[in-house]
Amino acid sequence: MKTIRTIKELKKELSRCRESIGFVPTMGFLHKGHISLVEKSVNENNITVCSIFVNPIQFGKNEDLGRYPKDIERDSIMLEKAGCDIVFIPDTSEIYNEQKVFLNIKNLSDSLCGKKRPGHFEGVLTVVCKLFNIVRPHKAYFGEKDYQQYIVIKKMVEDLNFDIDIRIGEIIREEDGLAMSSRNVYLNDEERKRSILLYNIIQFVRKSSFIGQKTEELENLLNEYLIKNMDNSIIRMDYAEIRNDIDLERKKTISENSRIFLAFFVGNTRLIDNGRIIL
Ligand code: AMP
């Protein structure tokens, strides 16, 4: 596996490659969720490129940019083992030079994480667009874990006519159900125990729902569940919403496309998760 830090070097390396390129953008501190995307890419392409770049412009002022976890050495070992061919680790100055152009998307980023983290998807779209132009992949891999991000990127690719196949990888979870995340490392023992609430909510909603049911009825059950099961001293809800997973709108009735979207603060750590309601 080659480690490349500049755009020039990466382009030179890839210009020799006439084969299919798969691309997995990440912010590093990798776990099995990231690796599952890399393995998918390795299976489906001749060359796999993974980027590690903590994108400053997708973080809000009071978010965790300054303390985002990092372990390039461990990441490299995991990537090499997964069959990754190139890891691209640019400095911030390699990606941004007085950037004046930013991408935006209507409606799809007005809700859920878009609403709670103003400017977040603008930052994500801008960096992904730049990385797509740098890497020029045939296929790019994103996790279902960040489902709204997947939808927003798919729409960008469609609207801006990128010739890239956007692939989704299922959520990889810890044994108790907590979705793997680089941010889980922030949790202390007590918070780690409480963080299982997100997965429990998804399971509860699945148990309580059926196709054709009124969304409002399920939301009422969800609220009751939250009142009963939330320990407010450690866990704070950011949002818990049932939406359609094609346009992220709230529909009147539950269908196969209904999905529950969750964001909770556990201590100071913001965790997100989501899942289809009807399996
Ligand atoms: P990040 O490094 O957090 O920006 O994530 C990079 C990619 O990995 C994104 O497409 C995420 O959706 C994906 N990802 C993160 N966590 C998981 C997980 N638990 N299972 C599957 N994919 C994940």
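The values are calculated or read from the model by the stated rules, or taken from the named source; none is laboratory data. From a predicted model like this one, the values you see are computed outputs, not experimental measurements. Cβ: placed from backbone, ideal geometry, glycine included. Neighbour counts: every protein chain shown. The protein model used for the area step is the full one, side chains on, heavy atoms only, and it has no ligands, DNA or RNA in it. Shrake-Rupley method; radii C 1.70, N 1.55, O 1.52, S 1.80 Å.
Being open to solvent by 60 Å² or more (accessible area, probe 1.4 Å), free of Cβ contacts under 8 Å to residues at least 40 places away in the same chain and in contact with a helix residue (DSSP H, G or I) (Cβ under 7 Å, 6 or more places away or on another chain) narrows it down to one of N223, N229, so name that one. Break it down stepwise before answering.
Values: N223 fails: in contact with a helix residue (DSSP H, G or I) (Cβ under 7 Å, 6 or more places away or on another chain).
Step by step, each of N223, N229 is checked, and only N229 is open to solvent by 60 Å² or more (accessible area, probe 1.4 Å), free of Cβ contacts under 8 Å to residues at least 40 places away in the same chain and in contact with a helix residue (DSSP H, G or I) (Cβ under 7 Å, 6 or more places away or on another chain).
Just wondering, is there one or more residues in the stretch 87-95 that are acidic (D, E), in contact with a helix residue (DSSP H, G or I) (Cβ under 9 Å, 6 or more places away or on another chain), modelled with pLDDT of 95 or more and open to solvent by less than 90 Å² (accessible area, probe 1.4 Å)?
yes
If I go through the stretch 23-47 residue by residue, how many of them are near the ligand (Cβ under 9 Å from one of its atoms) and outside any helix (DSSP H, G or I)?
8
Can you name the residue in the stretch 7-22 that is open to solvent by less than 20 Å² (accessible area, probe 1.4 Å) and out of contact with any His (no Cβ under 6 Å at 6 or more places or on another chain) and is also farthest from the ligand (Cβ to nearest atom) among such residues?
Here the answer is L14.
Kindly establish whether G212 is within 16 Å of the ligand (Cβ to nearest atom) and of a type in the set (G, A, S).
Details: within 16 Å of the ligand (Cβ to nearest atom): no; of a type in the set (G, A, S): yes.
Here the answer is no, as G212 does not meet what is asked.
So for the stretch 134-144 (the condition being out of contact with any Gly (no Cβ under 7 Å at 6 or more places or on another chain), assigned to a helix (DSSP H, G or I) and under 23 Å from K12 (Cα atoms)), does at least one residue qualify?
Yes, the conditions are met somewhere in the stretch 134-144.
Which residue, of R270, R243, R259, is open to solvent by less than 20 Å² (accessible area, probe 1.4 Å) and touching a residue at least 40 places away in the same chain (Cβ under 8 Å)? Write out each step before concluding.
Details: R270 fails: open to solvent by less than 20 Å² (accessible area, probe 1.4 Å); R243 fails: open to solvent by less than 20 Å² (accessible area, probe 1.4 Å).
Just a single option satisfies the conditions, and that option is R259.
If a residue must be closer than 27 Å to F29 by Cα, out of contact with any Asp or Glu (no Cβ under 7 Å at 6 or more places or on another chain) and of a type outside the set (A, V, I, L, M, F, W, C), how many such residues does the stretch 186-240 contain?
The qualifying residues number 12.
Only one of these is within 16 Å of the ligand (Cβ to nearest atom) and out of contact with any His (no Cβ under 8 Å at 6 or more places or on another chain): L271, L221. Name it.
Criteria check complete, one pass: L271.
Say we look at the stretch 96-133 and pick out the residues that are part of a loop (DSSP other than H, G, I, E, B) and at positive phi; which of these is surrounded by the most Cβ atoms within 10 Å (Cβ to Cβ)?
Applying the filter and picking the extreme gives G119.
Please find, within the stretch 167-206, the residue that is surrounded by the most Cβ atoms within 10 Å (Cβ to Cβ) out of those that are within 12 Å of the ligand (Cβ to nearest atom) and of a type in the set (D, E).
Among those residues, the one meeting the criterion is E174.
Go through the residues of the stretch 44-56 one by one and say whether even a single one is in contact with a Lys or Arg (Cβ under 7 Å, 6 or more places away or on another chain) and crowded, with 19+ Cβ neighbours inside 10 Å. Lay out the reasoning, then the answer.
Looking only at the stretch 44-56, we keep the residues that are in contact with a Lys or Arg (Cβ under 7 Å, 6 or more places away or on another chain), and these are 44-45.
If we keep only those that are crowded, with 19+ Cβ neighbours inside 10 Å as well, we get 45.
The answer is yes; a qualifying residue exists.
Return the residues of the stretch 131-156 that are free of Cβ contacts under 8 Å to residues at least 40 places away in the same chain and within 14 Å of the ligand (Cβ to nearest atom); say none if nothing qualifies. Reasoning before the result, please.
Filtering the stretch 131-156 down to residues free of Cβ contacts under 8 Å to residues at least 40 places away in the same chain leaves 133, 149-150, 153-154.
Within the stretch 131-156, Q149, Y150, I153, K154 qualify.
I need the full set of residues from the stretch 70-94 which are closer than 30 Å to K116 by Cβ and either among the polar types (S, T, N, Q) or within 16 Å of the chain's Cα centre (by Cα) (or both), in order please.
Selection gives T92, S93.
Kindly indicate whether I77 is in contact with a Gly (Cβ under 7 Å, 6 or more places away or on another chain), open to solvent by 40 Å² or more (accessible area, probe 1.4 Å) and modelled with pLDDT of 95 or more.
The answer is no for I77.
M1: open to solvent by 30 Å² or more (accessible area, probe 1.4 Å), farther than 19 Å from R136 by Cβ and more than 16 Å from the ligand (Cβ to nearest atom), yes or no?
Considered against the rule, which asks whether it is open to solvent by 30 Å² or more (accessible area, probe 1.4 Å), farther than 19 Å from R136 by Cβ and more than 16 Å from the ligand (Cβ to nearest atom), M1 comes out as yes.
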